[in-house]
Amino acid sequence: MNFIKKYKVILLILIPVVILVLTRALDTNHFRTDAKKLAEPSFSGSNIIIPDKVNQLNGEKLLIILGKDVIKHDLAGVVIKIIPPDSILYKENIRLIRKHDGPVILCSAENDLAIRIWMLLSQMGIENLYILSDDSEPEVLKYEFRPDTTVKPEL
Amino acid sequence: MNTREKLSIILLSIGIILALLPLTGSRSFTVKPQNLLSDALDEKSWVTVDQAARFVATEDSSVLLIDLRSSGEFNRFNIPGSVNIPYDRFIEIAPGIISGSGNMKFILYSNGDYDANNAYVIAKGLKLKNIYVMKGGLNEWFNTVMNSRFTGERISARENSLYENRKRAGTMFTEINSLPDSLKRKYYEAKHVAAKKLDGGCE
Amino acid sequence: MGPIVTLTGLPEWVDLLFALVIGIGFGFALEQAGFSSSRKLAGMFYGYDTTVIKVFFTAAIVALVGSQLLSYFGLLDLNLVFVNEFYVKAAIIGGIIMGAGFIMGGFCPGTGLSALSIGKIDAMVFAAGGLAGAFLFAETYPYIQNLANGTYKGPVKINEALGISPGLFTLLLIVAALVMFWIAEIAEKRFARPDITDNI
């Protein structure tokens, strides 16, 4: 009792800080620090995988189909799980992804969705995560711009 | 124990806590994952190239297009009125430009769908508002707007307006990007949005 | 998420209003702490009164701790907070001039204005000197331009330059501050002068 009385001010400030920090640190349902580092695979596109290369990944592969669409690729030796995108954050799904020992590959009929979910899960600290895409270089311009040399600037 | 000793202990203890925390000095997502998921699935977050073309053709000042390609690619050509934030520097630069800009809409685009959708999630994770993605990126822009041809015999009013809009935006795109570099630069400078800074200093 | 001014895009006059309110608060606190007395301020250089160093350093570490915690909880984006840009030569030379002006005038710019507002004559002379300096700087700027803009290092942060985490840097600074306060206390005892606060 005497101890509490003596250090009342210190405890009044420190205890709330410690509680807040601990709740934040132990809460797994939040994003990890340093967004840039977590997003790194997306800068080089190393998180995109084409169907032919899936077998080159080490470990047991888990393919998550976001949505109802049936997978069109013939992938052997891959565990397939269908998860509607809006329930990807359900506890059991997150636990399944986190617990899975090996690469997790996201796939959706619309590639945009898999890309967005990839970023979301990566920011939660999930690693070894890929996006299945038919196009290994989705950021290449397939057209060429031809300047019009007859254009005269308005002066 | 006097006040300064107490204050010293408090500061020192919090200092130790801070030293143990994984603070990095760089940005982290600040929203709840569940909220970000609803943003990621938001159908309204996509704009078509036709919508983007309309903003370009009407020179809508309440919309800003953000080009996520490298600065080299941006300088060769870009959609008129856009600013360049290379995707790999998006996390550092974007909040300074986007936050605090009121009701301005920001449309992200890159060559394909990949960088723009990644940047969209990052922007939403950093609590930036009014962010949209131009579906299909520049590939779709070229496909739909630049290569727009009408081949039928009769044209409906709706088709006509769509076609006119594409033609106008396409012509602007070609004209501005065909200007010599010096004039192009002048054009960009006039459009450049400078990152807002807080003035600082002490005493 | 803060900082408020950048994020909300408020009109300029609201920003200025914030500045006015914070400025009044700052000036009031300075005056209340006795910082409008040049003898108290100069005491720091002679060691008989180290209140200035203690107050400013405490303010700095409290602000540092607070902003780091707010940033950890996602309430403040420290990347949006302005960081002073570092010009090596200009900082050294400017620092020497500022230090010399401080010890001769007995005020730093903020405390000078605080003393001016309670009608101190020396502070009026000090402010006039400050304005003359600013005028001189502006007029001679073409000649010292290279010095003023040279050796530019950008808005560097010390923890980044040292390659340590902001949290560890905060702890080190707190330890450094506490050691300094302890030395300051010793200096105060050693160079003690009769209490001057009653007759000013």
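Counting 0.36 nm for each residue step from C:E160 to C:W182 and taking away their Cα separation leaves a gain of 5.1 nm. Residues A:R116, B:R154, B:R166 ordered from highest to lowest accessible area at a 1.4 Å probe: B:R154, B:R166, A:R116.
Amide H contacts under 5 Å for B:N84: B:D67, restricted to partners 5 or more places along the chain or on a different chain, H placed in the peptide plane at 1.01 Å from N. Per-peptide packing, taken as the mean over residues of other Cβ atoms within 10 Å, places C:103-116, C:141-154, C:29-42 in the sequence C:103-116, C:29-42, C:141-154 from highest down. Return the subset of A:K6/C:K54; B:K105/B:K135; A:K37/A:K61; A:K91/B:K44; C:K89/C:K157; B:K44/B:K129 for which the Cα-Cα distance in this structure is over 20 Å, preserving the input order. From the list (A:K6/C:K54; B:K105/B:K135; A:K37/A:K61; A:K91/B:K44; C:K89/C:K157; B:K44/B:K129), the Cα-Cα distance tops 20 Å for A:K6/C:K54; A:K37/A:K61; A:K91/B:K44. Estimated purely from DSSP H runs of n ≥ 4, each contributing -39500 (n - 2.57), the mean residue ellipticity at 222 nm for chain A is -11000 deg cm²/dmol once divided by its residues. Using R0 = 22 Å, the C-beta based FRET efficiency linking C:L20 and C:M98 works out to 0.35. Taking only Cα atoms, what is the 0 to 90° angle, nearest 10, from helix B:157-178's long axis to the longest principal axis of chain B? Roughly 70 degrees, rounded to the nearest 10. Each principal axis of the Cα atoms in the stretch C:84-156 has its own extent, and those three values, largest first, are 40, 27, 18 angstrom.
Taking H as built 1.01 Å from N, whose amide H comes closer than 5 Å to the amide H of A:I82, not counting residues under 5 places away? Distant-sequence amide H within range of A:I82: A:I65. Relative to one another, the C-alpha centroids of the stretch A:13-69 and the stretch B:123-158 are positioned 31 Å apart.
Each Cα pair under 8 Å and six or more residues apart adds its separation to the average, and for chain C the resulting relative contact order is 33 percent. Under the simplified labelling scheme, the A:L22-C:N146 pair shows an inter-label distance of 6.2 nm, with each label point 7 Å from Cα along Cα→Cβ.
A:L62 contributes about 10 Å² of solvent-accessible surface, heavy atoms of the protein only, 1.4 Å probe.
Just by accessible area at a 1.4 angstrom probe, what is the order of C:K189, B:K105, B:K124 from largest to smallest?
My answer, sorted largest first, is C:K189, B:K105, B:K124.
Over every Cα atom in the stretch A:35-132, the radius of gyration and the widest Cα-Cα span, Dmax, amount to 12.4, 34 Å. Of the chymotrypsin sites (Phe, Trp or Tyr not before Pro) in the stretch B:14-77, not one is in a loop by DSSP (not H, G, I, E or B) with at most 12 other beta carbons within 10 Å.
Axis of helix B:181-191 versus longest Cα principal axis of chain B: the two differ by about 60°, to the nearest ten degrees. Given R₀ = 25 Å, FRET efficiency for C:N79-C:F56 by Cβ-Cβ distance, to 0.05? For R0 = 25 Å, the calculated efficiency reads 0.50.
Within chain A, which complete DSSP H helices have Cα atoms spanning at least 24 Å along the helix axis and a mean Kyte-Doolittle hydropathy of -0.5 or higher? Write down the numbers at each step before the final one.
Working: long enough: A:8-26 (26 Å, 2.56).
Result, helices passing both filters: A:8-26.
Modelled spin-label separation between A:E137 and B:M104, with each label point placed 7 Å from Cα along the Cα-to-Cβ direction: 3.4 nm.
Extension gain for B:R154-B:D50 works out to 35.4 nm (0.36 nm per residue, less the C-alpha to C-alpha distance).
Taking all Cα-Cα distances within the stretch B:33-191, those exceeding 23 Å account for 38%. Rounded to whole Å, the principal axis extents of the Cα atoms in the protein assembly as shown read 100, 71, 37, largest first.
Computed from the mean reciprocal separation of all distinct C-alpha pairs, what Kirkwood hydrodynamic radius does the stretch B:1-95 have, in Å? Mind dumping the intermediate values first?
Values: mean 1/r = 0.0554 Å⁻¹.
It works out to 18.1 Å.
Residues whose amide H comes within less than 5 Å of that of B:L64, counting only those at least five positions distant or on another chain, are B:K105, B:F106, B:I107 (H built at 1.01 Å from N in the peptide plane).
Chain B packed on chain A takes about 4700 Å² of accessible surface away from a 1.4 Å probe, both sides summed.
The values are calculated or read from the model by the stated rules, or taken from the named source; none is laboratory data. Quick caveat: nothing in here was measured; it's all calculated off a predicted structure. Glycine gets a Cβ as well: all are built from the backbone with ideal geometry, and neighbour counts include every protein chain shown. For the accessible areas, the whole protein counts, side chains as well, though only heavy atoms, and no ligand, DNA or RNA atoms are used. Shrake-Rupley method; radii C 1.70, N 1.55, O 1.52, S 1.80 Å.
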